[in-house]
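Down below is the structure, laid out as structure tokens.
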Amino acid sequence: MNILVMKNKEEASKKAFDLLLADINNGAKVLGLATGSSPVGLYDQIVSSSLDCSQLISINLDEYVGIKPTNPQSYHFFMQQHLFSQKPFAKSFIPDGSNLDADYVTTRYNQILTAHPIDTQILGIGNNGHIGFNEPGTPFDIQTHKVRLTSATIKANSRFFTSSNDVPHAAYTMGIGSIMKAKHIILLAFGEQKADAIAATVNGKITTAVPASVLQRHPNVTILVDQQAAQKL
Ligand code: F6R
């Protein structure tokens, strides 16, 4: 694991952009993307750069189940708003949260991942160590699946909704096994609320109780943190 403690979120986002650009210049074509607050600075960097994304493919980690792409809280909407409306990709895949047929959606997504192996995967991390929506206890070898969200995640995500009652209780997510196949993983974490999860990910035992701890087994992981998220390292 390559741990880079940056001065602040902006510096970390710039560094993430430089690393992504280096991968693209070395032939990376398929980017695994995340939503949430952590990658927003990186997406801003992409948008304000001259990078041409029209030959790249993006595959998002996850989507809530039961909300339409037009819902402003959907991850489809988030990606349009922060990246795709300004930098269109050749193809962009996000699980279809409006389709309640979980077998169909997850099988289809696994086929997409097989057809387009991820070169560089962008990740955030939950306060409880989740990656994607792979909550504590998720087996390390699992592929795309439907999950029930924990109350901790519903609470953390309620800041994006009018009330926690509006937060969907399920999501489709790439599995830990799918994430681990990426050639390079760049994980972004900011703020002191991420300090415990980062310490457990980097220095803790590899355990399904901390899903991100599996990254210790990956040969090419870069963790970019600000000083607050690094305070327990
Ligand atoms: C989002 C995702 C989640 C987030 C995590 C951190 O696509 O997969 O795992 O990365 O919940 O969220 P933020 O960045 O909002 O703290």
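The values are calculated or read from the model by the stated rules, or taken from the named source; none is laboratory data. Bear in mind that the values here come from a model prediction, so they are computed numbers and not experimental data. When we count neighbours, we look across all protein chains shown, and the Cβ atoms used for this are built from the backbone with ideal geometry, even at glycine.
Taking residue 92 as the residue in question, decide whether it is surrounded by fewer than 21 Cβ atoms within 10 Å (Cβ to Cβ), more than 15 Å from residue 61 (Cα to Cα), away from the ligand (no atom under 13 Å from the Cβ) and hydroxyl-bearing (Ser, Thr, Tyr).
Spelling it out, it is not the case that residue 92 is surrounded by fewer than 21 Cβ atoms within 10 Å (Cβ to Cβ), more than 15 Å from residue 61 (Cα to Cα), away from the ligand (no atom under 13 Å from the Cβ) and hydroxyl-bearing (Ser, Thr, Tyr).
What are the residues in the stretch 45-67 that are more than 16 Å from the ligand (Cβ to nearest atom), of a type in the set (D, E, K, R) and buried (at least 18 other Cβ atoms within 10 Å of the Cβ), if any?
none
Give the number of residues within the stretch 124-147 that are small (Gly, Ala, Ser) and more than 8 Å from the ligand (Cβ to nearest atom).
Total satisfying the criteria: 2.
Please work out if residue 106 is buried (at least 16 other Cβ atoms within 10 Å of the Cβ), outside any loop (DSSP other than H, G, I, E, B), within 15 Å of the ligand (Cβ to nearest atom) and not acidic (Asp, Glu).
Here the answer is no, as residue 106 does not meet what is asked.
Here is a yes/no grid of residues against (1) out of contact with any strand residue (DSSP E or B) (no Cβ under 9 Å at 6 or more places or on another chain); (2) within 12 Å of the ligand (Cβ to nearest atom); (3) of a type in the set (Gly, Ala, Ser):
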{"site": "183", "(1), (2), (3)": "no, no, no"}
{"site": "193", "(1), (2), (3)": "yes, yes, no"}
{"site": "199", "(1), (2), (3)": "yes, no, yes"}
{"site": "204", "(1), (2), (3)": "yes, no, yes"}
{"site": "207", "(1), (2), (3)": "yes, no, no"}
{"site": "216", "(1), (2), (3)": "yes, no, no"}
{"site": "220", "(1), (2), (3)": "no, no, no"}
{"site": "224", "(1), (2), (3)": "no, no, no"}
{"site": "230", "(1), (2), (3)": "no, no, yes"}
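Suppose the filter is at pLDDT 95 or above, crowded, with 23+ Cβ neighbours inside 10 Å and more than 20 Å from residue 176 (Cβ to Cβ); does residue 76 pass it?
yes
With among the aliphatic types (A, V, I, L, M), within 15 Å of residue 64 (Cβ to Cβ) and more than 11 Å from the ligand (Cβ to nearest atom) as the only criterion, which of 100, 113, 83 stands out?
100
Just to be sure I understand the filter: pairs with C-beta atoms under 8 Å, separated by 6 or more residues or on different chains, first member in the stretch 163-179 and more than 21 Å from residue 119 (Cα to Cα) and part of a loop (DSSP other than H, G, I, E, B), second member within 12 Å of the ligand (Cβ to nearest atom) and aliphatic (A, V, I, L, M). Which pairs pass?
Sorted first by the residue in the stretch 163-179, then by its partner, the pairs are 167/149; 167/154; 168/149; 169/149; 169/154.
Among residues belonging to the stretch 6-29 that are under 23 Å from residue 62 (Cβ atoms) and in contact with a helix residue (DSSP H, G or I) (Cβ under 9 Å, 6 or more places away or on another chain), point out the one that is surrounded by the fewest Cβ atoms within 10 Å (Cβ to Cβ).
Across the stretch 6-29, the extreme among qualifying residues is 28.
Would you call residue 215 crowded, with 20+ Cβ neighbours inside 10 Å and within 23 Å of residue 148 (Cα to Cα)?
Yes: the conditions hold for residue 215.
Only one of 189, 156 is farther than 26 Å from residue 101 by Cβ, at pLDDT below 95 and within 18 Å of the chain's Cα centre (by Cα). Can you tell me which?
Selected residue: 156, the only one of 189, 156 that is farther than 26 Å from residue 101 by Cβ, at pLDDT below 95 and within 18 Å of the chain's Cα centre (by Cα).
Among the numbered conditions (1) under 14 Å from the mean Cα position of the chain (by Cα); (2) more than 14 Å from the ligand (Cβ to nearest atom); (3) not charged (D, E, K, R), tell me where residue 42 comes up short.
Status for residue 42: all satisfied but (2).
Here is a list: 92, 98, 85. Which entry is at negative phi, under 18 Å from the mean Cα position of the chain (by Cα) and not aromatic (Phe, Trp, Tyr)?
The match here is 92.
Select from the stretch 180-197 the residues that are touching a residue at least 40 places away in the same chain (Cβ under 8 Å), under 18 Å from residue 8 (Cα atoms) and assigned to a loop (DSSP other than H, G, I, E, B) and list them in ascending order.
190
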